[in-house]
Amino acid sequence: MNSDPIESDMDRKELNAWLMAEEGGDEEAADAAFAHLFSAVPRVEPRPMFVEQVVIAAWAWRARRRRQMALLWAAAVVLVAAAAASASVASPVLARTVVKTIAFVGGHTVPWLVAYASVALHGWLTLGHVGAVIAGTLMTPGRVAALVGVELVGILAFYALRRVAGAERLGDVQV
Amino acid sequence: MAVQRSDAELARDARAGSEAAYRELVTRYATPAVNFTYRMVRDRALAEDLAQEGFLRVYQRLHTFDPARRFSSWFFQVLRNVTIDHLRVHRIPTASLDELEEDGRRVSIVDREDASPEELAGQGELASAMTAALSRLRPEYREVVVLRYQEGLTQPEIAQMLGLPAGTVKTYLHRARKELAELLAARGWSPESREPTPGKTL
């Protein structure tokens, strides 16, 4: 601990300058005075080998990454080459099988899909019609205006609630 | 006389594969990084591990760095994320505002220790008292104090880093200084007294 009276007196002067700025409500002066005072607080230093360890770790990761990328590229090239080779060898048989499969599946499923889509569409159209009738009966311009008003009030209340809750949680009060 | 290259230039060169540029960046930011993580976790070995992990993540994400932004601000954001991730996994309640009590004086696990002797050794009396008081602040206050007054980040930069409104950062700084003044006064460093009162501790 330092017990030098001159340094202690300097500390005291700087402390007083900061505290007076705080008490005076001068935010900028307090900020500057405290920054000056706080500059005496030493930083925690890393060990001497820290930089070397960090660089070694980063470059080891870089080397691993480059190896992985090289392997991935090699694997991709091999896969593409293998796929191309097998396609060129087996293409007539493969193409015939694929076309037959598509034709079979398509021939059996498309009519069903069309039929189901028609039924579903009919159901939706019916619901839409019912909805339009109900809306036409219940909704007058006055009711629509009232409904929109209620919605707006609700949205504003929800927004205000979120603002208040957020401010409380974060202690967001202006100094 | 050699012109010192900017952080952004070093980051660009490091991204391009220059080990020397990366080494220079690490050298520049080693102390701020370890100091910052230490203030968050209060354990030197862990602080260095987190700082190293932070530097690695920075290297891995150099391609996301926007040169229009100040490098230090981006760097501390990455470092903070690494630290917060660690604290979340290890369930140390240091950064959760929700866990703080209403009077704002709850002391988390990492704050219960007093400043280490080596940290206090060699400092002036007021600096020692300030270091000890800093360790008693709420983590979010301690964080903004270190970023603002030791690392020199501006309030808008801190706000962007922490994802908080600028007003909240300003409030944190104001309250942190106020609490530090109270803690120092409890240690005998009040404006009225001429000398620190012996025997008073935090």
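Each value in this text was obtained by applying a stated rule to the coordinates, not by laboratory testing. Quick caveat, the model's predicted, so the values are computed rather than measured. Backbone-built Cβ (ideal geometry, glycine too); neighbour counts: all protein chains shown.
Miscellaneous remarks
- Sequence ranges A:33-41, B:130-138, A:61-69, ranked by mean other-Cβ count within 10 angstrom, highest first: B:130-138, A:33-41, A:61-69
- Taken residue by residue and averaged, Cβ atoms of other chains lying within 10 Å of the Cβ of B:171-178 number 5.
- Exercise: per-residue mean of other protein chain Cβ atoms within 10 Å, A:53-63: 6
- Placing unit charges on the Cβ atoms of the charged side chains and taking the dipole of chain A about its Cα centre, the candidate lying farthest along the positive direction among A:152, A:53, A:101 is A:101.
- Screening chain A for whole DSSP H helices of 30 Å or more along their axis (Cα) with average Kyte-Doolittle hydropathy at least 1.0 returns A:50-138.
- Working ranking of peptides A:44-50, B:176-182 by packing, defined as the average number of other Cβ atoms within 10 Å per residue, highest first, is B:176-182, A:44-50.
- Size of the stretch B:1-92 as Cα extents on the principal axes (Å, biggest first): 46, 27, 20
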